Structures are given as structure tokens and as C-alpha cells.
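Below: one structure, written as C-alpha cells.
The values are calculated or read from the model by the stated rules, or taken from the named source; none is laboratory data. This one's a predicted model, so the numbers in the text were calculated from it and none came from an experiment. Virtual Cβ from ideal backbone geometry, glycine too; neighbours counted across all protein chains shown.
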Amino acid sequence: MYSWLEEIIAEEVTELTWQQATAAALADIPRAEAFGITSANADVMIQARSHLLKSVLPDFRQFCQSSLHVNYETMLAVLWDLWLPLGMKLAAHRRSLNRPLIQGILGVQGTGKTTMCQVLSLILQQLGYRTLSWSLDDLYKTYSDRLALLQQDPRLIWRGPPGTHDIDLGLNVLDQIRQGETSVTVTRFDKSLHAGAGDRTTPEIVTNIDIVLFEGWFVGVQPIDSKVFDIPPPPIITDADKAFARDMNEQLSNYLPLWERLDSLILLYPTDYRSSLEWRKQAEQQMVATGKSGMSDAQIEEFVNYFWRSLHPELFLKPMLRSPSVADLVIEICPDRTFGAIYHNEC
């Protein structure tokens with residue numbers, strides 16, 4: 001952690017502390033631009049961030065203590081460098097809209113979507129905004145509907161790929177929130193039901209929502225030219241694999257009305273998509289260590305490969321890196337799960 005950040009937390013701020021914090025914020029030019037920090041406003045932005053840091057620290061510390069994956073000491077720099085300025089950016093966007101903000105967050109397994117949403121909710125609460133963390137997973141079709149779907153298409157052996165969600169339900173909820181409905185009924189999904197197959201559970205009634213953090217493993221992903229499946233990357237190997245990939249690509253078109261409800265999209269981009277497999281294994285091992293049942297490494301590989309066959313990260317995510325019409329903000333995730341480059345896609 002930065003020495004000057006320790007001084008800000010301890011409220012032992014000197015002129016040198018401010019200078020160091022301001023210089024650090026401006027040093028990474030793409031990141032500074034992404035968060036709207038300039039040499040003209042840096043002092044004001046850093047002071048506002050330091051005040052927000054102090055107010056959110058008690059809740060952040062408690063969150064870290066209750067989480068298996070978040071270490072308080074190591075995450076303080078991430079809180080300062082990423083989550084606080086991002087929270088301030090979302091709050092500013094919400095103010096400019098003068099209506100609820102629908103913020104999309106796209107990231108494959110293990111990129112930290114859930115953690116990001118939880119921390120951003122803490123920050124936005126301190127800024128006076130009521131936030132709803134909602135997942136594409138919450139839009140899964142019911143267990144009985146997915147059984148019927150499996151009869152129609154035996155390839156849909158797991159929930160998750162395009163076609164296993166109730167898109168109209170998502171449109172209805174997001175439209176109600178965008179239009180400023182005071183009270184909205186939000187669906188929730190329990191993955192533990194039916195021996196892990198999952199099903200809808202008791203819906204949640206939310207009121208006066210200002211910002212929706214809508215996350216998922218293919219939120220905002222666009223259909224691509226089907227010619228790329230002629231010579232695709234593994235594990236899309238057989239003719240059957242290619243047919244499945246093409247069909248899932250076509251299914252994405254049905255999701256475009258849902259993506260149109262997003263005001264902005266953050267892409268959590270793994271610099272090596274294969275890291276997702278290792279992250280999933282680590283998460284499973286941590287879960288088993290707590291006494292819960294989990295998948296073997298071979299089962300995890302089969303599971304992850306299934307999703308790579310449906311929407312391969314190399315084919316669908318890479319085109320979004322420099323596409324401002326799709327992803328507004330890109331946050332790179334390194335194989336060790338640290339954050340790499342952060343930049344705003346310019347139009």
C-alpha cells in the first residue's frame with residue numbers, strides 16, 4: 001500500500017501527501033482519463049476521494065472480514081485506485097441522467113463481478129444512492145421451463161448459455177426501474193435448489209432504486225460474423241461444437257433489446273482468458289475447504305469448456321476492447337487477479 005495512502009487513512013495529511021496522491025492519480029494517463037481526472041481538477045477529485053474513503057472504510061473493513069476472497073490490507077490500494085473513483089464516476093453519471101442508471105458489468109467466471117458490485121454498493125450508499133445488484137443469473141428460466149428446453153435442445157445441459165434466460169422478464173424489470181417506478185418486484189434465483197440445477201426463489205421488492213449494477217458472464221455481448229466458426233479456437237473442435245457455437249451466436253440477437261437498456265457497460269477483461277479455468281478451480285477448492293461439496297478438476301474443466309464452446313472469450317470479448325459503442329470502460333484482469341490497464345473507449 002502507498003505510504004501516502006496510509007497517511008490519508010490515519011488523517012495525518014500533509015501538503016506532500018496531497019502532492020503524492022495527485023501525482024499518482026495523473027501518472028496513469030488512460031486511467032485518469034477514464035475517471036475524468038485532469039491536471040485542472042485533480043486536487044478537488046483527490047480530496048473528494050479521500051473524504052469518501054474515510055466514510056466507507058468501516059463498512060469496507062467489515063465486508064473484507066466477512067469475505068473469504070477479499071483481504072483488507074491488500075485491497076485498500078484497489079479501493080483507492082479503482083473502486084472509489086469508479087463509484088464517483090457512476091454517481092456523476094446518475095446525476096447527469098436525472099433518472100435511474102442501468103450499469104452493465106461484463107466478466108467471465110472469476111473476474112470479480114460479484115465483489116465489484118458489493119463494494120460499489122457500499123460506496124454508492126455513502127454517496128446517497130440506493131443501488132440494486134442484479135445478475136443475468138436472476139433471469140434464468142424456471143426449473144420446469146429449462147427441463148422442457150432440454151427436451152427441445154439436449155445440448156443445453158447446463159443453465160447459462162444464451163437461450164436459458166427469460167429476456168422479457170429482464171426487460172420488464174429494467175424498464176420499470178428506468179421509468180422511476182417507486183416499488184419494483186425483482187426476480188431472484190437460487191442455484192442450490194433441485195440438487196444444484198437451481199430455480200427461482202422468493203422475489204425481492206425494491207424501492208426507489210437509483211443505480212442498477214447488472215452483471216453477468218455475457219452481459220452486453222454482441223453477435224459476431226459466423227464465418228469465424230469455420231476455423232475456431234479450441235475447445236470448439238468438432239462439427240457439432242461448431243454448430244453449437246453458431247446457434248448460441250444466433251441466440252445472442254434475442255438479447256440485444258436487453259443490452260439496449262444499459263446506459264453504460266464495464267468490461268472486466270482477463271488478459272489471458274484461460275485464467276478463468278484456474279480461478280474456477282481455486283474457488284471450488286476454497287468452497288470444499290469450508291466443508292461444502294464441490295466439483296473435481298476434471299468436472300470443472302468439462303464445465304468451463306462447455307461455456308467456452310457456447311461463447312468463446314477469444315471470439316466475443318476481444319472485439320469489444322476498442323469498441324466504444326459496446327464497452328465504455330475496460331478493466332484488465334491479470335492472471336494473478338490483480339488489475340492491469342484501465343481505460344475508457346473513445347468514440
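Numbers below:
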{"read-out": "Residue within region 86-106 that is farther than 21 Å from Leu174 by Cα, under 15 Å from the mean Cα position of the chain (by Cα) and β-branched (Val, Ile, Thr) present", "value": "no"}
{"read-out": "Some residue of region 336-344 being assigned by TED's automatic domain parsing to the domain that holds Ile236, among the charged types (D, E, K, R), farther than 19 Å from Val70 by Cβ and touching a residue at least 24 places away in the same chain (Cβ under 8 Å)", "value": "no"}
{"read-out": "Residue that is farthest from Thr187 (Cα to Cα), among those in region 119-147 that are under 16 Å from the mean Cα position of the chain (by Cα) and in a strand (DSSP E or B)", "value": "Thr131"}
{"read-out": "Boolean, Leu150 is over 17 Å from the mean Cα position of the chain (by Cα), of a type in the set (A, V, I, L, M) and more than 24 Å from Leu268 (Cβ to Cβ)", "value": "yes"}
{"read-out": "Answer from Ser3, Ser55 - the residue that is more than 27 Å from Leu265 (Cβ to Cβ) and at pLDDT 95 or above", "value": "Ser55"}
{"read-out": "Options Ala40, Ala24; residue that is of a type outside the set (Val, Ile, Thr), modelled with pLDDT of 95 or more and more than 21 Å from Ile123 (Cα to Cα)", "value": "Ala40"}
{"read-out": "Some residue of region 101-111 being at pLDDT 95 or above and in a helix (DSSP H, G or I)", "value": "no"}
{"read-out": "Residues satisfying the stated conditions in region 32-44, i.e. of a type outside the set (S, T, N, Q) and surrounded by fewer than 19 Cβ atoms within 10 Å (Cβ to Cβ)", "value": "Glu33, Gly36, Ala40, Ala42, Asp43, Val44"}
{"read-out": "Region 190-217: number of residues that are surrounded by fewer than 19 Cβ atoms within 10 Å (Cβ to Cβ) and either farther than 22 Å from Leu311 by Cα or among the basic types (Lys, Arg) (or both)", "value": "15"}
{"read-out": "Pairs, first in contact (Cβ under 8 Å) with a residue 60 or more places away in the chain in region 280-299, second surrounded by fewer than 13 Cβ atoms within 10 Å (Cβ to Cβ) and not aromatic (Phe, Trp, Tyr), C-beta under 6 Å, six or more apart", "value": "Gln286/Leu68"}
{"read-out": "Candidates Ser96, Ser67 - the one that is of a type in the set (S, T, N, Q), out of contact with any Leu (no Cβ under 6 Å at 6 or more places or on another chain) and in contact (Cβ under 8 Å) with a residue 24 or more places away in the chain", "value": "Ser67"}
{"read-out": "Criterion (in the same structural domain as Arg178 (by TED's automatic domain parsing), in contact (Cβ under 8 Å) with a residue 24 or more places away in the chain, crowded, with 18+ Cβ neighbours inside 10 Å and part of a helix (DSSP H, G or I)) met by exactly one of Val326, Val304, Val330", "value": "Val304"}
